[in-house]
Amino acid sequence: MRFILSTRLLAATVAIGALAACGSGGGTTPASADASSRTAGEVLNGGGAPADGGILNLSMSADPLCLDPHAISSDVEQIFGRILTDNLIYLDAAGNPGPWLAEKWEINTDGTVYTFHLRKGVTFSDGAVFDAAAVVANFEHMLDPDTRSPLAGPYIAPYDSSRIIDPYTLEVKLKQPYTPFLDVLAQGWLGLLSPKAIKESTPAQLCEKPVGSGPFVLTGYTKTQGATFAKRQGYDWAPPQLGLTGAAHLDGINVSWVGQDAVRFNSLVSNQYQATGYVPAQNAAAVKSDPKLVYSNVNRIGLPYTIEFNTSRAPFDDLAIRQAFVAAVNREALVKTVGFGERQLATSFVDRVTKYYDPEVKLRGHDLKLADELLDKAGWTGRDAEGYRTKDGKTLLVQWPVAQTATISPIFDLVQAQVKAVGIKVNIELLPSAQLTTRRYGGDYDLSAGVWHTNTPDVLYVKYATFSIPNDKRLGQNTSRISDAQLDGWLEEARRTGDKTKLTELYSKAQQRLTELVPGFPVYDNSVLWAFSAKLHNVVVDTSHGTPYFAYAWLEK
Amino acid sequence: MTAITVPAVLPERRDHTAGRRRAFRPGVALGLAFLGLLAVAAVAPGLLTSHDPLEISTAGAFVPPSAEHLLGTDQSGRDTLARMVYGARSSLVMGLGATAIAVALGSAIGLLAGLANRYVEGAVMRLIDVALSIPDLLLALVVITLLGTGTVNALFAVAFASVPYYARMIRAQTHVVRDATYVEAATALGLRRRTVIRRHILPNAFKPLVVLATIGVGNAIGAGASLSFLGLGTKPPAPEWGNMLSLGIQYISNDPFMVIVPGLAITLTVLAVTVVGRDLRRRTEGRS
């Protein structure tokens, strides 16, 4: 799979080069026949002479209730980040760090000092100048406890200090070597904000009105309804990898939050919205077969959709119970039900497009007999009136708090029904998201589910290192609360080395170790499904997130 | 989906009913037959379907109606007919339970207001007016916010939301009866106040209540389904019509039956209860 992918990536790189070369020169590239699989950096529905003007109406799924990229972990930021902000780094189509607002950089031999040479002539939309001091202000904002950053802050946790050599040269010192540093600097959540806005706003004000240097400027934001963006006049500093310069073609982008799957699908088909960031999987077949739409399904780097055990309390502190639970679940059936042919069964604790993904790692399969044996051996031999297992008069009951949204995944019911067959009782609690967050970070749950997307294999550290267990000081993402010295050692070593052979070995060992520790079980590889009208051209598949990048998109009149 | 509001006071229609009372009404007969079917579904669902409403079969998802699955299956391969049949019980429990609570509470408040001195009456009735000014689904949402979600809490929420209607009606009825000649006569005969209330006022004040409560059952079923639709009532995977509707909407383009079936079930039930209730009203008019 990886090898096939790299040839595709090569093709995509060539395509971008060709596009850059011909500029506005004519040749139309038809939408690919196989509409489903896209690759990072690919230009969708390209070709033709760009027309200026028009508003793109974009539907999204749920409002993160804050638009400061540093203060949220919502996946909205993968799309919004590219609309509103620019980054120091942009990944190339092969996933390697490339220049953006940092034109070039040097790294010292032990990987603790990065010297960035910044692009000149860049300004934020409030007039503030982009320079070394602006970058420092951003790092400090991400790490400021008042920002309560769940993502950007933790991602640059090894940051120690900065030294401004001259206005456009910045030396960044890290506490210890941190190989993923450049990769994470390319992510939407680490988009750069105006230092003036950071200084003059409270965290709440910045949530309402973040100011960036991107191709569009936020002009309005009504919570749970929508946000409007207008073209930034004079913008001229897009990632060089796009091969295009100048301001955006669109006059603006109007975003609406459309929570109901059916409404999002039908309003796309009816052209009320010319693009959606979230195509419901159940409607993918209809979107694909619609000649008026362009569809994209891109696997994202990071953790697959994974159901995790809280290993810090009973009953899942017992490895045998975790193994039994996994054996009772039929993952293929789950993927079939929620995927509608659009999702691939996960095969490891990283998505298959992640660097150092190990195809040799084997996850245990569906085995009801094994599940029963393990539970019997663990002493859960009694049965209550409903047929659930008991031990010392207590029912084998696990709590699964999930978000109460307009669209509740059928996965919860399915897993509940599957493990009932071996006598495990799952109690699904539908909770408002604020309450759910409190329970998550407080460790009050037995099961949790979700994806964690980042653009490096360091996702394993983010999800499974002891350091990432949430506590009073840090909003860590180790929701399984697994703590294993051996795993910690490998993941920490992987952060310190840039050597590819060593990294391959370390990440393979880590993936293998996770199949033994069973902090959870990956279900399907985490792909993003999105679509847009065939009248919208030049939409780029973002290299970090696989989501649409609208900087130079244009609408047919 | 909004709950249908109960008219606070029944319109007075005492004429032109004598001839109609005995006529056979096919609509009423159909309504009664449908309610009978629901009662069977609620008491003995096994008679109407052989499928388990919770049994999942991922191989058999989105099966169109067939001999095996008369109304098809949902996204997890559960039989839609079975879920509808088993869902009847929670709908009926919601309708009857919520109405019973509302009638009991509403009557107590209405009687208190109707028989107490004017200061107490004024205070109680202004509170009732305030409650009536809030749409009942909104009032139910307030109660859910206070009590939390779930089947039982939803039942109480729907009950509390319809208390004001019954209170107001009973209070008005109490006034009518209190000033009636036979009550004056009873008082003149020297009967104790308590006896007058129990023997004369209560039974006469309650006659129209039966009719209002019947129609109220339909409204309570609709309101309960609304709360479940919003994810505030009965939790999935329990078969409940509002749940089924809310889930079905996600898949409306894949399988319209997932929406049509529970939608029809709710509509027909509320319709049947209302038709029967209105007929009951026709029959009792002129007798009180």
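Values in this text are rule-based calculations from the coordinates and carry no lab data. Here the structure is a predicted model, which means the values were calculated and not measured. Reconstructed Cβ throughout: ideal geometry from the backbone, glycine too, with neighbour counts over all protein chains shown.
Using only side-chain charges placed at the Cβ, +1 for Lys and Arg and -1 for Asp and Glu, the dipole size of the protein assembly as shown relative to its Cα centre rounds to 3780 debye. Rg ratio for segment B:158-288: its Cα radius of gyration over 2.2 N^0.38 Å, N being its residue count, equals 1.51.
Based on Cα contacts under 8 Å between residues 6+ apart, chain A shows a relative contact order of 21 percent. Which parts of segment A:47-66 would a label at A:Thr437 reach, counting a residue when its backbone N lies under 18 Å from a point 7 Å out along Cα-to-Cβ? Of the residues in segment A:47-66, A:61-66 have backbone N under 18 Å from the label point off A:Thr437.
Our coupling estimate for segment B:249-264, obtained by passing each phi through the Karplus curve with A = 6.51, B = -1.76, C = 1.60 and θ = phi - 60°, is 4, 4, 10, 4, 7, 7, 8, x, 4, 5, 9, 4, 5, x, x, 5 Hz, Gly and Pro reported as x.
Place the peptides B:67-80, B:173-186 in order of packing, highest mean first, counting for every residue the other Cβ atoms within 10 Å and averaging per peptide.
On the way: B:67-80: 20.8, B:173-186: 15.8.
Result, highest mean Cβ count within 10 Å first: B:67-80, B:173-186.
In this simple spin-label approximation, B:Ala100 and A:Leu143 carry label points 7 Å from Cα along the Cα→Cβ vector, and these lie 6.5 nm apart.
Projecting label points 7 angstrom from Cα along Cα→Cβ for B:Leu264 and A:Asn266 puts them 1.9 nm apart. Extents of segment A:458-518, taken as max minus min of Cα coordinates on every principal axis and listed largest first, are 37, 24, 16 Å.
Across segment B:44-120, Cα-Cα distances exceeding 19 Å account for 55% of all pairs. What is the distance in Å between the Cα centroid of segment A:512-557 and that of segment B:126-203? A separation of 58 Å, based on Cα centres.
Kirkwood Rh, segment A:140-284, all Cα pairs: how many Å? Don't skip to the answer; put the middle values down first.
Numbers: mean 1/r = 0.0546 Å⁻¹.
After inverting the mean inverse Cα-Cα distance, the result is 18.3 Å.
Pairs exceeding a 24 Å alpha-carbon distance, out of A:Lys288/A:Lys336; A:Lys104/A:Lys209; A:Lys231/A:Lys355; A:Lys120/A:Lys231; A:Lys336/A:Lys394: A:Lys104/A:Lys209; A:Lys231/A:Lys355; A:Lys336/A:Lys394. If you take the alpha carbon atoms of segment A:266-402 and fit the smallest convex hull around them, that volume is 167 Å³ per residue.
Across segment A:140-152, coupling constants 3J(HN,Hα) worked out from phi with the 6.51/-1.76/1.60 Karplus curve, θ = phi - 60°, read 5, 5, 4, 8, 5, x, 5, 6, 6, 6, x, 9, 4 Hz, and Gly and Pro carry x.
Partner shielding of B:243-253 amounts to 5, given as the average count of beta-carbon atoms from other chains within 10 Å of each residue beta-carbon.
Taking a quarter of the surface of the Cα convex hull of segment A:414-478 gives a mean projected area of 5.9 nm². On the beta carbon distance between A:Asn96 and A:Asp251, with R0 = 35 Å, the FRET formula returns roughly 0.55.
Legend: P(r) of chain B from all alpha carbon pair distances, 10 Å bins from 0, whole percents, reading 6, 25, 28, 21, 12, 5, 2, 0.
Only Lys, Arg, Asp and Glu carry charge here, each on its Cβ (+1 for the first two, -1 for the last two); on that basis segment A:478-557 has a dipole of about 220 debye about its Cα centre.
Let me know the volume per residue of the alpha-carbon convex hull for the protein assembly as shown, in Å³.
Details: hull volume 171.1 nm³, N = 845.
Taking the convex hull of the Cα positions in the protein assembly as shown, it is 202 Å³ per residue.
Taking only the Cα atoms of segment B:197-256, the ratio Rg/Rh comes out at 1.32, with Rh defined as the Kirkwood radius.
For chain B, the longest principal axis of the C-alpha atoms and the axis of helix B:151-178 are separated by about 30°. Taking amide hydrogens as placed 1.01 Å from N in the peptide plane, the amide H of A:Thr454 sits under 5 Å from those of A:Gly302, A:Leu303, each at least 5 positions away in sequence or on another chain. Would you kindly give the portion of the calculated P(r) for segment A:483-557 that falls above 22 Å, as a percent of all Cα pairs? Tail of the P(r) past 22 Å holds 54 percent of the pairs. Principal-axis analysis of the Cα atoms of chain A puts helix A:433-442 at an angle of about 60° to the longest axis.
For segment A:64-147, take every pair of Cα atoms, bin their distances at 5 Å starting from 0, and report each bin as a whole percent. Distribution as computed: 3, 11, 17, 24, 23, 15, 6, 1, 0 percent. Sorting the Cα pairs of segment A:104-198 by distance into bins of 5 Å, from 0 upward, gives 3, 13, 24, 27, 21, 10, 3, 0 percent per bin. Note on A:Glu208 and B:Arg193: their simple-model spin labels are 5.8 nm apart, each label 7 Å out from Cα toward Cβ. Computed over Cα pairs, the Kirkwood radius of segment A:284-364 leads via Stokes-Einstein (1.306 mPa s, 10 °C) to a diffusion coefficient of 105 µm² per second.
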